[in-house]
Each structure stands twice: as structure tokens, then as C-alpha cells.
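Computed from the coordinates by the stated procedures, all read-outs in this text should not be read as laboratory data. This one's a predicted model, so the numbers in the text were calculated from it and none came from an experiment. Heads up, the Cβs are rebuilt from the backbone with ideal geometry, glycines too, and the neighbour counts pull from every protein chain shown.
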Amino acid sequence: MPTGRTAYGSYTLPSWVMTTRDLLRAGENVRFADGDARREQR
Amino acid sequence: MTELRLSDRLAAVVDALPLRPGVRVLEIGGAPGSAAKAVARRMGDGHILVIDRSAKGVAQIERNAAAEIAAGLLSVRHVAAEDFELLPGEPRFDIAFAIRVGALDGRHPQAGVRARQRIAAALTPTGQLFIDGGDPLRSVKLRDA
């Protein structure tokens, strides 16, 4: 299951939340808050 | 106005929001401003405030939505959802939405508790918060019935 980290700490991605990889694939202007991981790790 | 490509998913999100002329909208975590710019085109003389906890994100919105900001349709504030408060005399918002915001989509539940409290306090009594993960949106319960 994808995991990642933001300024709030680490997280496991809930199944209903798109991964950053999927967002980029969908053509979104993905922007990460300061200190956030660039990708969820698979 | 600066054009940002709006993905099909974000276009569907904007389509699903109950926008109407004069509506006041709060977007949480809205950088780089793609969705907010699309909302600004659909709310007549309404207003959208975009908040973001990232200083870089706020700068991106200010750059990308300079025309909407100058026209008074859109404003930007550097604040996290869990710290957000209305300014003195600032009217409440009719709609709030947050797309892939960790404090609200289940990634950071503790931050989410406080964020939902702050958002509820900034909405009208009938105001609604929408997040992604539905079809394409789902409404978040903010107060007891």
C-alpha cells in the first residue's frame, strides 16, 4: 500500500485517495506543500 | 488571465460544485489555483478564497490568478485548514471544497478533526464541505443533524 510523508508526518494512502503518480498521469498540476514527499512510495 | 490546464478530474469536480451567482466559496489547499480559476468563472459576483499551508503554493496562486485577484473575484491566504479563522467582519462561506488535502482525505485524521471544526465555523449554517473520493465529490458531515 502506498505510503508517503507530509509536514503532518507519515501516512498510508487510503484506497479512495489517488496516488501522486496517478494524479500526474491524469494531467493534474500536482503541487506539493513545503516539506511534502514528491511521491508516495510503493 | 493566466491559463492553467484543468484536468478532466478537476473539471468534473468544478462541474459538481453547487455554484450559483453570488456564492462564497472556500477552497482548502488550492495551489496552484487551477480549480479556483475555473470556479471564479462560474460564480458571477461571488468570491472564492483559496487557503494553502504552503508559502510556495500561495505564491503560485498569486501568480496564476493575478487577473482574478485584481478583479476582486479571488483572494489567497497563507494558512493551514486547522488554523483557519474568518477575519473580523468577514462573511461566512456557502461552500468549501478540498481536493487531495491530507488533513481531510483520511491521511492525517488528527489534523482533520481540527480542520473540520475550523471549516464548520467559517461556513453558513447550511454550508457544505466537499472533498474528493466520491463521484466525483462527497459531502463531509461537519455538524450533528
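Along the Cα-to-Cβ line of A:THR3, 7 Å from the Cα, sits a label point; which residues in the range A:13-27 have backbone N less than 15 Å from it? Inside the label zone: A:13-14. The residues packed around B:ALA111, meaning those with a beta-carbon under 12 Å from its beta-carbon, carry a net charge of +2 if Lys and Arg are +1 and Asp and Glu are -1.
Projecting the Cα atoms of B:VAL14, B:ALA111, B:ILE95 onto the charge dipole of chain B, computed from C-beta unit charges around the Cα centre, puts B:ALA111 farthest toward the positive end. DSSP finds beta bridges in the protein assembly as shown, and of those with both partners inside it, around 30 percent are antiparallel. Computed from backbone phi, the HN-Hα couplings of the range A:17-27 come to 9, 5, 6, 4, 4, 5, 5, 5, 5, 7, x Hz, rounded to whole numbers (Karplus: 6.51 cos²θ - 1.76 cosθ + 1.60, θ = phi - 60°; Gly and Pro given as x). Other residues within the sphere of radius under 9 Å centred on the Cβ of B:ALA122, judged by their own Cβ, net out at 0 (K and R +1, D and E -1). Remark: mean inter-chain Cβ contacts per residue of A:16-29 equal 5, using a 10 Å Cβ-Cβ cutoff to other protein chain atoms. Once R0 is set to 25 Å, what does the formula 1/(1 + (r/R0)^6) return for the Cβ-Cβ distance between B:ASP8 and B:SER139, expressed as a FRET efficiency to the nearest 0.05? Result of the calculation: an efficiency of 0.70. Among the residues of B:107-117, the average count of other protein chain beta-carbon atoms within 10 Å of the residue beta-carbon is 3. Kindly provide the helix-only [θ] at 222 nm of the protein assembly as shown, computed as the sum of -39,500 (n - 2.57) over DSSP H runs of four or more divided by all residues, to the nearest 500 deg cm²/dmol? Estimated from H runs of four or more residues: -7500 deg cm²/dmol.
Put simply, the C-alpha atoms of the protein assembly as shown give a gyration tensor, and the ellipsoid matching it has half-axes of 24, 19, 16 Å, longest first. Charged side chains reduced to their Cβ positions (Lys and Arg at +1, Asp and Glu at -1) give the protein assembly as shown a dipole of some 360 debye around its Cα centre. The DSSP beta bridges internal to chain B are antiparallel in roughly 15% of cases. With the simple spin-label model, which puts each label point 7 Å out from Cα in the Cβ direction, the B:LYS56 to A:ASP34 separation comes to 1.0 nm. For the range B:7-91, the calculated P(r) over all alpha carbon pairs, in 5 Å bins from 0 to the bin holding the longest distance, is 3, 15, 27, 25, 22, 7, 1, 0 percent. Across chain B, Cα pairs under 8 Å and at least six residues apart give a relative contact order of 23 percent. Ordered from longest to shortest, the equivalent ellipsoid semi-axes for chain A are 16, 14, 8 Å, each the square root of 5 times a Cα gyration tensor eigenvalue.
Test of understanding: in a Gaussian network model of chain B with alpha carbons linked when under 10 Å, which of B:LEU19, B:LEU104, B:LEU74 would top the mean-square fluctuation ranking? Its mean-square fluctuation being the largest, the pick is B:LEU19. Structural descriptor for the range B:17-66: relative contact order 44 percent, calculated from alpha carbon pairs under 8 angstrom and at least 6 residues apart.
Summing charges over neighbours of A:LEU23, with a neighbour being any other residue whose Cβ is under 9 Å away from its Cβ, gives +2 when K and R count +1 and D and E count -1.
Each 10 Å bin, from zero up to the one with the longest distance, holds this percent of the alpha carbon pairs of chain B: 12, 46, 37, 5, 0. Take B:66-72, B:87-93 and order them by the average number of nearby Cβ atoms within 10 Å per residue, most first; the result is B:66-72, B:87-93.
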